[in-house]
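Here the structure comes first, spelled out in structure tokens, and everything after it is commentary.
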Amino acid sequence: MSRQDMILFNFHEIRRRSIMVWNAIPNQKLSWRPDEDALSCSEMIRHILESEFLYHKMLILGGSRGIDDVSNPFDNKEFISVKDELTFTEPFRKDFLKYIGTLPKQDLDAQKIVRDDVGYTRTLGDMVLRIAYHESVHTGQLLDYMRRMEIDRPNIWD
């Protein structure tokens with residue numbers, strides 16, 4: 001299996017498991033948050049999906065410089081349901097995965113991504129893995145939310 005194949009497999013597996021978690025949250029619980037400063041379940045899901053879109057643009061731009069000039073289709077879009085979010089983001093997800101699949105091995109190691117907004121520079125490969133990690137962490141947070149709400153959590157460890 002090539003490096004790109006492993007990276008893509010990881011993205012598919014993370015999203016598959018995230019969707020299991022998202023779909024297990026009852027609609028009436030999507031606005032739940034553990035405290036007033038935390039994201040709600042629906043805000044967390046939106047954050048994950050919107051962040052992937054913006055991360056994709058940062059990879060193309062070589063960093064965060066210019067990201068504020070990118071037209072963001074998530075602006076002013078109301079969260080309706082998990083299904084609606086997934087349908088809405090499907091074309092962005094396909095473009096992102098297609099882009100990841102075309103990255104040359106040498107670029108993963110050599111190209112730099114400069115995040116002026118948060119103060120670090122990483123290789124393209126490192127940044128791609130950080131994108132996957134970002135979704136994984138937030139999916140884990142949602143599992144904790146579900147535990148706190150005392151609702152059934154899906155077994156994502158198949």
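The values are calculated or read from the model by the stated rules, or taken from the named source; none is laboratory data. Quantities reported herein were computed from a predicted structural model and do not represent experimental measurements. Cβ atoms come from the backbone with ideal geometry, glycine included; neighbour counts cover every protein chain shown. These area figures cover heavy atoms from the full protein model, side chains too; ligands, DNA and RNA do not enter into them. Shrake-Rupley method; radii C 1.70, N 1.55, O 1.52, S 1.80 Å.
What about Lys57, is it farther than 30 Å from Asn27 by Cα, of a type in the set (D, E, K, R), open to solvent by less than 70 Å² (accessible area, probe 1.4 Å) and modelled with pLDDT of 95 or more? Criteria met by Lys57.
Among residues of region 102-120 being of a type in the set (D, E, K, R) and open to solvent by 70 Å² or more (accessible area, probe 1.4 Å), the one that is nearest to Gln4 (Cα to Cα) is Lys105.
Residues are listed down the side, and each one gets a yes or a no for (1) surrounded by 15 or more Cβ atoms within 10 Å (Cβ to Cβ); (2) in contact with a Leu (Cβ under 7 Å, 6 or more places away or on another chain):
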{"position": "His12", "(1), (2)": "no, no"}
{"position": "Arg15", "(1), (2)": "yes, no"}
{"position": "Val21", "(1), (2)": "yes, yes"}
{"position": "Gln28", "(1), (2)": "no, no"}
{"position": "Leu49", "(1), (2)": "yes, no"}
{"position": "Phe53", "(1), (2)": "yes, no"}
{"position": "Thr87", "(1), (2)": "no, no"}
{"position": "Glu90", "(1), (2)": "no, no"}
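Of all residues in region 43-53, none are within 17 Å of Gly125 (Cα to Cα), touching a residue at least 60 places away in the same chain (Cβ under 8 Å) and aliphatic (A, V, I, L, M).
Can you pull out every residue in region 62-91 that is in contact with an Asp or Glu (Cβ under 7 Å, 6 or more places away or on another chain) and of a type in the set (Gly, Ala, Ser)? Hits for region 62-91 are Gly63, Ser64. Pairs meeting the criteria (first residue in region 95-113 and of a type in the set (Val, Ile, Thr), second residue not in a helix (DSSP H, G or I), beta carbons under 6 Å, at least 6 apart or on different chains) are Ile113/Gly63; Ile113/Arg122.
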